[in-house]
Amino acid sequence: MMLGIAVILFVCVMLLAVGFWASRKVKTSEDYFVGGRGIGALVTIGTQCATFVGGGMTLGWIGMGFRYGLGAAWYGAPQALGFFFMAAVLVKSMRARGAAFVSLPDWFDNFYHNKTLSIVTALACLIVPITWVTAQVTAAARMLETLGMPYWLGVLLIGGVVVLFSTIGGYVAVVYTDTIQWIVLFVIFCATVSFAIIHVGGFGEISRSVPEHMMNPMTVEGMPNYTIFLWIISGLVSGMGLQSSYQRIYSAKSDGVAKAGLISTGIATTFFAVLTAFVGMAVFLSGGPTDLQNDSVWPWFLDNYMQPWVSVIYSVCIIMATMSTASSMLNSISLTITHDLYSKFINPKASDKKVLRLGIIVSGVFGIISLWWALGGSWMIALFGISYSVGCGPMAAAVITAALMKKKGNPLCIVGGVILGVIVGIITLKVPALADIPAGGTVFSFFAALLICVGGSLIWKPKGGQEIDENNNENRNREVA
């Protein structure tokens with residue numbers, strides 16, 4: 001256990017060093033929120049993959065494979081559809097003609113110049129990250145408990161380091177630590193899962209030995225027949241409803257780099273979704289107890305079949321992954337509050353230095369509040385899953401509507417769609433008959449929002465004054481920057 005504590009302390013020092021290094025590059029608010037738009041291919045790919053194919057994801061996916069077999073791949077692989085859509089459709093639009101967008105509401109404003117839409121989408125962008133910081137810090141602290149560190153001390157250590165390095169270093173610190181975490185986790189993961197598959201005789205032996213239903217990719221044993229369809233829709237919208245996804249499009253130094261990051265993440269998502277299904281089946285053949293929770297399946301195998309230090313190092317990798325996600329969400333919160341709300345509506349005449357200073361303050365203050373929530377109990381953690389279900393679906397629907405309809409979309413219908421989507425998501429999760437439907441909150445909130453956004457725009461077409469000629473937006477883009 002002392003090895004684990006020593007390694008995590010080393011990681012904390014490394015992250016703080018990255019934060020102080022990155023802080024020297026922060027001169028403007030654009031530096032703080034999108035890294036000065038100069039992020040290269042390796043870091044763009046690394047930060048995208050770390051966010052959507054990180055340690056927590058792979059743990060859960062292995063557990064799904066242990067329980068359902070190859071059909072579990074549908075839980076994660078459909079995320080690739082969203083990334084491919086973003087690469088094919090959104091990159092060009094969001095970076096067209098020197099567009100200097102910093103946030104997702106900037107992009108909506110480019111089409112519609114509607115104050116209500118800008119405020120509603122900004123508030124919607126806060127729904128997911130406002131709980132994720134606390135949830136990720138809590139998860140890391142709980143893992144540190146297994147290494148012998150008291151929970152409260154783990155919260156203060158992990159949370160304190162996350163708040164400090166992401167607050168002083170901004171977006172650059174976030175994406176570089178993401179990349180470091182992803183490379184380390186990728187190496188450890190590939191080495192350990194290879195052992196698991198070889199241990200049971202390889203892919204061929206897995207295919208021959210597991211129950212027949214586990215090798216049927218179109219079956220999820222014990223789940224409703226429509227589960228795969230719901231997982232596909234949920235995966236499609238999962239990355240499209242997060243502000244942080246679009247920061248990575250804006251921050252890439254070229255269109256090609258932005259597309260490479262998204263396409264690489266889509267490929268990695270599909271690869272890991274299928275691989276982890278086989279790894280889960282390998283653990284099943286290794287005698288894993290059937291009552292294991294999904295997140296405990298892979299740790300059980302490491303504890304029983306690998307050297308103790310391997311399990312410790314893997315735990316540290318998972319802690320690093322939670323830290324990188326928390327820092328990304330904290331930066332996203334700061335962006336939304338500072339740029340999308342304060343500088344646009346509260347104090348439009350604020351200087352860039354003032355916006356930058358406020359962004360740093362918001363990051364630090366909200367980070368401290370998140371630590372307080374983490375120390376206070378599990379009530380905020382209960383909101384973690386709810387926020388994802390009610391936040392991502394409506395925002396993804398709004399993005400798809402604007403991407404496909406452009407100036408033909410009705411901004412007020414998009415506003416109504418987002419609001420209705422959030423309400424439907426909450427209702428779905430609270431009604432007992434609907435709450436147990438797989439990914440129901442995300443799927444129903446998405447379709448409800450999409451129906452109003454698209455259907456409403458087709459019925460109530462925007463007035464001529466609302467239609468914005470894209471060829472005349474260059475000056476507006478400079479103002480947004």
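The values are calculated or read from the model by the stated rules, or taken from the named source; none is laboratory data. From a predicted model like this one, the values you see are computed outputs, not experimental measurements. Because the Cβ atoms are built from the backbone with ideal geometry, glycine has one as well, and the counts that use them run over all protein chains shown. Side chains are part of the model used for accessible areas, which takes the heavy atoms of the whole protein and leaves out ligands, DNA and RNA. Shrake-Rupley method; radii C 1.70, N 1.55, O 1.52, S 1.80 Å.
At a glance:
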| read-out | value |
| --- | --- |
| Point-charge dipole on Cβ atoms (K/R +1, D/E -1) for the chain, about Cα centre, debye to 20 | 1500 debye |
| Separation between Cα centres of the stretch 159-212 and the stretch 268-287, rounded to whole Å | 13 Å |
| Ellipsoid semi-axes in whole angstrom, largest first, where each is sqrt(5λ) of the Cα gyration tensor of the stretch 255-413 | 38, 24, 17 |
| Inter-site label distance for residue 354 and residue 285 at 7 Å from Cα along Cβ, in nm | 6.6 nm |
| Integer Hz, Karplus 6.51/-1.76/1.60 couplings in order for the stretch 237-253, x for Gly and Pro | 8, 4, x, 7, x, 10, 4, 4, 5, 7, 4, 6, 6, 5, 7, 4, 6 |
| Answer label, with Rg and Dmax of the Cα atoms in Å calculated from the coordinates and candidates [x] 22.0, 68; [y] 22.9, 72; [z] 23.3, 83 | [x] |
| Taking all pairs of distinct alpha-carbon atoms in the stretch 9-100, Kirkwood radius in angstrom | 16.5 Å |
| Length added when fully stretched, residue 199-residue 89, from 0.36 nm per residue minus Cα-Cα | 35.3 nm |
| Long pairs among 354/407; 27/259; 259/461; 115/349, criterion Cα-Cα beyond 24 Å | 354/407; 27/259; 259/461 |
| FRET efficiency estimate (nearest 0.05) - Cβ-Cβ, residue 123 to residue 310, R0 60 angstrom | 0.85 |
| Options 154, 63, 78, ranked by Cα towards positive dipole end of the stretch 52-174, top entry (Cβ charges) | 78 |
| Cα-projected label distance for residue 190 with residue 226, points at 7 Å along beta-carbon direction, nm | 4.1 nm |
| Projected-area mean, the stretch 197-277, by convex hull of Cα positions, square nanometres | 7.6 nm² |
| P(r) tail fraction, the stretch 198-241 - alpha-carbon pairs more than 15 Å apart, % | 59 percent |
| Estimated [θ] at 222 nm from DSSP helical runs (n ≥ 4, -39500 (n - 2.57)) normalised by residues in the chain, nearest 500 | -23000 deg cm²/dmol |
| Rounded accessible area per residue of the chain, 1.4 Å, Å² | 39 Å² |
| Packing rank of 335-345, 138-148, 235-245, where each peptide gets the mean count of other beta carbons within 10 Å, highest leading | 235-245, 335-345, 138-148 |
| Hydrodynamic radius (Kirkwood) for the stretch 236-311, which is based on Cα pairs only, to one decimal in Å | 15.3 Å |
| Heavy-atom accessible surface of the stretch 1-139: percent carbon and sulfur, 1.4 Å | 70 percent |
| Residue-count net charge about residue 243 - beta-carbon cut-off 15 Å; Lys, Arg +1, Asp, Glu -1 | -1 |
